[in-house]
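The values are calculated or read from the model by the stated rules, or taken from the named source; none is laboratory data. Because the structure is a prediction, the values reported are computed rather than measured. All Cβ positions, glycine included, derive from the backbone under ideal geometry; neighbour counts span all protein chains shown.
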Amino acid sequence: MSARACTRSARRLRHSFQLHTVAPQSASPVPHPSVAGPPPPPPTPDVAQPEDRVARKRKQAELLQRGLSLRPNPAKPATALQKRFWKAVSIKETPDGHQIFLDSRPVRTASKNVLTLPLNKSQLAAAIALEWDLLVTAQQALKHHYIPLTSFTSRAVDITNADLQGNQTVREDIVTMVMRYLDTDTLLCWAPEQNRHTGKAEQREEGSESLRSMQERTAQPIIAYLTTTVWPGAEIQPSLSEDSILPTPQPQVTMDIIRGWISGLQPFDLAGLERAVLATKSLLVASRLLVEWSHNFQHLRDQKPDAPRFGIEQAAEAASIEVRWQTGMWGEVEDTHDVEKEDMKRQLGSVILMVHGDAR
């Protein structure tokens, strides 16, 4: 290649790699426009907790009032479900038992059976009739939280009908379910004697009663009553040992005694026991409450007329010892602990209403 050709190639390469043809210039900043007017107000502190709570309650009340204003008017229903098709609710005593009528129509269960209560359940019948009398539309009857006692009683009626038909599946399923709670019963899960990190018992403050002491003091009278009056020969042990997180199973003899007792319960008592176990997570507390209020166990109460009463308050406290101990130390969470506590009492009250019978 000649020298002239090399020169042309070098020029061509130099021009092909040239990126800029204009000399660089420095940027000129654009001034920000000035805003006329006073400066913004200084930040204010958050609303105090009591005032914030009052404001939230007022807002909830406004929303509730707005919801009530949107409730359909029974006098001008838009659809058939928004209309109350009955005018009066009545209770009729039939040879089979108490039945609740909406005008001339009997209330039925989800399985299309007529809701029939034993003749000694007049208080329960009155409570169910009141539920239906307070309904505004027929659509509300499709929601269980509007008619909780009706749904609860339907469970007992279905158990009764299954027993009459010789179908033991429903009863056996309930027995199997509630027996699972025994090994991890709330009343039997006690705190360790000492905290493994501090070497001391769990106490709110120095010199106060420990959590385990509260649990033992609450559980022992209930266990003693059940093992001497209801389940003679049964031996109930705490569920948790000091060096294990796995529950300790109860002796097989105890399991057989309790299972046989549950299997022989009357339908309304069995439904009440199921509801109480689900509410308290304790088979022992539920059984103690059932024996205390069911008319079928009046003979057991007559054996110990001086025994202390065991009602809603006692059952709720026995089922929530650790929660009460923790909230006593750290305080309650609003709209959580207080709501759960009252809801448990509501469910236990429905159990008493279910199993209690009139003296005849």
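Listed residues Leu115, Leu135; which is under 26 Å from the mean Cα position of the chain (by Cα) and modelled with pLDDT under 90?
Leu135 is the lone residue from the list that is under 26 Å from the mean Cα position of the chain (by Cα) and modelled with pLDDT under 90.
The conditions are (1) surrounded by fewer than 23 Cβ atoms within 10 Å (Cβ to Cβ); (2) closer than 23 Å to Lys121 by Cβ; (3) touching an Asp or Glu at 6+ places or on another chain (Cβ under 9 Å), and Gln298 fails exactly one of them. Which is it?
(3)
Here's the yes/no breakdown for (1) part of a helix (DSSP H, G or I); (2) buried (at least 17 other Cβ atoms within 10 Å of the Cβ); (3) β-branched (Val, Ile, Thr); (4) at positive phi:
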| position | (1), (2), (3), (4) |
| --- | --- |
| Gln220 | yes, no, no, no |
| Val253 | yes, no, yes, no |
| Asp256 | yes, no, no, no |
| Asp269 | yes, yes, no, no |
| Ala286 | yes, yes, no, no |
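Can we say Val89 is in contact with a helix residue (DSSP H, G or I) (Cβ under 7 Å, 6 or more places away or on another chain), at pLDDT 90 or above and farther than 28 Å from Leu278 by Cα?
yes
Please specify each residue of region 276-316 satisfying the condition of being of a type in the set (A, V, I, L, M) and under 16 Å from Gln347 (Cβ atoms).
Ala276, Val277, Leu278, Ala279, Leu283, Val285, Ala286, Leu289, Leu290, Ile312, Ala315, Ala316
Can you find even one residue in region 160-167 that is under 17 Å from Met354 (Cα atoms) and within 21 Å of the chain's Cα centre (by Cα)?
Looking through region 160-167, none of the residues is under 17 Å from Met354 (Cα atoms) and within 21 Å of the chain's Cα centre (by Cα).
Scan Ala162, Ala127, Ala191 and give me the residue that is part of a loop (DSSP other than H, G, I, E, B) and surrounded by fewer than 20 Cβ atoms within 10 Å (Cβ to Cβ).
Values: Ala162 fails: part of a loop (DSSP other than H, G, I, E, B); Ala127 fails: part of a loop (DSSP other than H, G, I, E, B).
Selected residue: Ala191, the only one of Ala162, Ala127, Ala191 that is part of a loop (DSSP other than H, G, I, E, B) and surrounded by fewer than 20 Cβ atoms within 10 Å (Cβ to Cβ).
Those residues that are β-branched (Val, Ile, Thr) and without any contact (Cβ under 8 Å) to a residue 60 or more places away in the chain, I need them from region 158-173; list them, please.
Filtering region 158-173 for residues β-branched (Val, Ile, Thr) gives 159-160, 169-170.
If the condition is that a residue be β-branched (Val, Ile, Thr) and without any contact (Cβ under 8 Å) to a residue 60 or more places away in the chain, then Thr169, Val170 are the ones that fit.
Run down Asp306, Asp335, Asp302 and say which single residue is free of Cβ contacts under 8 Å to residues at least 12 places away in the same chain and on the phi > 0 side of the Ramachandran plot.
The conditions single out Asp335.
Residues of region 330-358 being hydrophobic (A, V, I, L, M, F, W, C) and either buried (at least 16 other Cβ atoms within 10 Å of the Cβ) or assigned by TED's automatic domain parsing to the domain that holds Leu124 (or both), which ones?
Met344, Leu348, Val351, Ile352, Leu353, Met354, Val355 - these are the residues of region 330-358 that are hydrophobic (A, V, I, L, M, F, W, C) and either buried (at least 16 other Cβ atoms within 10 Å of the Cβ) or assigned by TED's automatic domain parsing to the domain that holds Leu124 (or both).
Assess whether Ala319 counts as being under 13 Å from Thr280 (Cβ atoms), crowded, with 19+ Cβ neighbours inside 10 Å and in contact (Cβ under 8 Å) with a residue 60 or more places away in the chain.
Here the answer is yes, as Ala319 does meet what is asked.
How about region 130-143: which of its residues are buried (at least 16 other Cβ atoms within 10 Å of the Cβ) and either of a type in the set (Asp, Glu) or part of a loop (DSSP other than H, G, I, E, B) (or both)?
Result: Glu131, Leu135, Thr137, Ala138.
Keeping to region 99-124, report how many residues are assigned to a helix (DSSP H, G or I) and either crowded, with 20+ Cβ neighbours inside 10 Å or in contact with a Ser or Thr (Cβ under 8 Å, 6 or more places away or on another chain) (or both).
1
Report yes if Leu278 is under 17 Å from Asp173 (Cα atoms) and not assigned by TED's automatic domain parsing to the domain that holds Thr116, otherwise no.
yes
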